[in-house]
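Worksheet for the structure shown next.
Bear in mind these aren't lab numbers, they're just calculated from the coordinates by the rules spelled out. What you are looking at is a predicted structure, and each value in this text was computed from that prediction instead of being measured. Cβ sites come from the backbone with ideal geometry, for glycine too, and all protein chains shown count toward neighbours.
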Amino acid sequence: MSLQGREVILGVGGGISAYKSADLLRRLQELGLQISVVPTRASLNFVGKATWEALSHRPVNENLWNNISDVAHIKSAQIADAIIVAPTTADLLAKFAHGIADDLLTNIFIASSAPKILIPAMHTEMWENAATVNNVQTLRERGILVIEPDTGRLTGDDVGSGRYPEVTRLISEISNFLNLRSDLLGRKILVSAGGTREAIDPVRFIANRSTGKQGYAIAIAARNRGAEVVLISANVTLPDPAGIEIIKVESADQMSKALSDNFSGCEILVMAAAVADAKPATIASQKIPKSQYGAIDLVENADILKSLTTQKAKQIIIAFAAETGEGALERAKAKVISKGADLLYLNDVSEGAIFGQDVTQGWIVNFSGDVSKFETAGKDTLADELLNRALLKLS
């Protein structure tokens, strides 16, 4: 399963171990997930709303009857890519198993078709009670993941099964159940996207057809695999993806500075942006009258990619090339060497192909000149393939 939107609801039940879910929340955020916390009213006796708002950076609502016109339980259920409830009390297990919806969390749970994960934590006597055992079996038969609690010290002097599991095991089981890839966890990735604009006068500029879709797909894929992502975005109208630091630029000079400022801290650089090769030698301070608009003197822009490759330490650098006509592949092979990139993705953009589309096709060329064909597929598929290859080289 792909969690493209990465929206996860973390329900918090009214058990003493509710405080442990604060650590779980942080660990889920480190995987790139965007977390909305929905506590039960009983859980607020153990951990207050202010704590969840501070940790999640989002408002927290526990009251089904707030803002009725917003129909919060349905909206939340529709946008959730997964629902995790930790701790899940015996009371919540019973409600989930029997379809009881008497507060915001249980209403969201029943209204959602997203994958669901329950993390029970309670005293041994409650966990081993016949009703609880039957409820857990029922929920598992419905495809819900119910994670076995740990055995150990409980409240007071009690020892037995029912302890809130260690967060490391929870992350492993959650990742496996949701098929989350976290192989870029802790990695820093720098991505450029879009197309630069070079001003002619206050009204006109030189630009290109790049929409930024491929660069944004790469940034989102990297975030989804746990990376810390900085996205240099040039004149893109796509929505800002959550969980990614975005630096907006317009010209090649601005992009060059933003990339230079962030390059030393990254491990993978993906230069998906289309940078203008040239710019006007001078920028008119006033709009040039049509009668004087005959010719524009151009000067070459600095080669941003080549400049960065001369500075690289252990970074893996992926370049892009848009070509037309015969000899495109040979030009791409020469370019990957001249630029000093580790990989280059070539696509043929004859007659406007690829630009603005959700699919792509082309060739992946490495520094040794080896070429592999990338058959027509979504730009998100290409994003993961390029990241796979970069990670392999990085390792």
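Which of the trypsin sites (Lys or Arg not before Pro) found in region 292-395 are loop residues per DSSP with 15 or fewer other Cβ atoms within 10 Å of their Cβ?
Lys314
Ranked from highest to lowest mean number of other Cβ atoms within 10 Å per residue, what is the order of the peptides 201-207, 17-23, 324-330, 109-115?
Sorting 201-207, 17-23, 324-330, 109-115 by mean packing, highest first, produces 17-23, 109-115, 201-207, 324-330.
Over region 69-210, what is the relative contact order in percent, taking alpha-carbon pairs closer than 8 angstrom and at least six residues apart?
Contact order relative to length: 18 percent.
Would you mind listing how long region 7-178 runs along its three principal axes, going by Cα atoms, in whole Å with the largest first?
45, 32, 31
Check Ser161: other-chain or 5+ apart residues with amide H under 5 Å from its amide H, H built from backbone geometry?
HN-HN under 5 Å from Ser161: Gly152.
Can you bin every Cα-Cα distance in region 214-299 into 5 Å intervals starting at zero and give me the percent of pairs per bin, rounded to whole numbers?
The calculated distribution, bin by bin, is 3, 11, 21, 19, 14, 9, 8, 7, 5, 2, 0, 0.
Note the direction-averaged projected area, equal to a quarter of the hull surface, for the Cα convex hull of region 96-213, in nm².
Convex hull of Cα atoms, orientation-averaged projection: 14.0 nm².
Which entries of Lys257/Lys339; Lys314/Lys339; Lys188/Lys339 show an alpha-carbon separation above 20 angstrom in the structure shown?
In this structure, Lys188/Lys339 exceed 20 Å between Cα atoms.
Count the DSSP beta bridges whose two residues both fall in region 7-178, then state the antiparallel fraction as a percent rounded to the nearest 5.
Within region 7-178, antiparallel bridges account for around 20 percent of the total.
Among Gln78, Ser285, Ala227, flag the residue with its Cα farthest along the positive direction of the charge dipole of the chain, charges on Cβ as +1 for Lys/Arg and -1 for Asp/Glu.
Ser285
Using the per-residue mean of other Cβ atoms lying within 10 Å as a proxy for protection, in what order, highest first, do the peptides 124-131, 272-279 fall?
272-279, 124-131
Taking every DSSP beta bridge that has both residues in the chain, what percent is antiparallel when rounded to the nearest 5?
30
Over region 188-394, one equal point on each Cα, no solvent: what is log10 I(q)/I(0) by the Debye formula at q = 0.14, 0.15 Å⁻¹?
Values, matching the q order: -0.81, -0.93.
Given Cα pairs under 8 Å that are at least 6 residues apart, what percent is the relative contact order of region 188-394?
Relative contact order of region 188-394: 21 percent.
If you place +1 on the Cβ of every Lys and Arg, -1 on the Cβ of every Asp and Glu, and leave all else neutral, what size is the dipole of the chain about its Cα centre, to the nearest 20 Debye?
Result for the chain is approximately 580 debye, rounded to the nearest 20.
Can you match Rg/Rh (Cα atoms, Kirkwood Rh) to one of these, (i) 1.00; (ii) 1.06; (iii) 1.09, based on a calculation from the structure here?
Label (iii) holds the value from this structure.
Going highest first, how would you order 283-289, 185-191 by mean Cβ packing within 10 Å?
Packing order, densest peptide first, comes out as 185-191, 283-289.
Show the residues, 5+ positions off or on another chain, whose built amide H is closer than 5 Å to the amide H of Ser251.
Placed amide hydrogens put Arg197 under 5 Å from Ser251.
Distance between the C-alpha centers of region 153-199 and region 279-344? Whole Å please.
Between the Cα centres of region 153-199 and region 279-344 lies a distance of 38 Å.
Would you list which lysines come within 26 Å of Lys75, measuring only between C-alpha atoms, while excluding same-chain residues fewer than 8 positions from it?
Lys49, Lys95, Lys116
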